[in-house]
């Protein structure tokens, strides 16, 4: 028995509804994840870093803390290369926003800003490692 156009439309509608539900769940999940990061006040650096790494991992953004930024792709670069660059760029931007949002105003003033998530978290770590030595 062949599928009718009506059956195909109904099937597509079901897939669309599932995709919308999955996106809604993903959006809620993201909100829960960055709300679960303790605000960095200084004395809680270790806990803040653990919370941050878990949240970035769950969001699939953790690669910006461990991988170097890919070079800007040439105009004739492959789709795979452009996609990898776009994914890394978005993850980097989101990781920085999540970090900035989870740092108290008092602590923000003592940290060197960066547009690279890896450099930014290293500056934060350096700030707290050097303050423990003093």
Number of the exception - residue 100 against (1) under 18 Å from residue 113 (Cα atoms); (2) without any contact (Cβ under 8 Å) to a residue 40 or more places away in the chain; (3) surrounded by 15 or more Cβ atoms within 10 Å (Cβ to Cβ) | (3)
Just wondering, is there one or more residues in region 4-25 that are more than 18 Å from the chain's Cα centre (by Cα), part of a loop (DSSP other than H, G, I, E, B) and at pLDDT 90 or above?
-> no
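Looking at region 103-121, which of the residues that are within 12 Å of residue 64 (Cβ to Cβ) and free of Cβ contacts under 8 Å to residues at least 24 places away in the same chain is surrounded by the fewest Cβ atoms within 10 Å (Cβ to Cβ)?
Going residue by residue through region 103-121, those that are within 12 Å of residue 64 (Cβ to Cβ) are 114-121.
In the following step, the residues that additionally are free of Cβ contacts under 8 Å to residues at least 24 places away in the same chain were identified as 114-115, 119.
Numbers: 114: 15, 115: 10, 119: 14.
Of everything passing the filter in region 103-121, 115 is surrounded by the fewest Cβ atoms within 10 Å (Cβ to Cβ).
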A careful count of residues in region 27-52 that are at pLDDT 90 or above and touching a helix residue (DSSP H, G or I) at 6+ places or on another chain (Cβ under 7 Å) gives 6
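The values are calculated or read from the model by the stated rules, or taken from the named source; none is laboratory data. None of these values were measured; they are calculated from a predicted model. All Cβ positions, glycine included, derive from the backbone under ideal geometry; neighbour counts span all protein chains shown.
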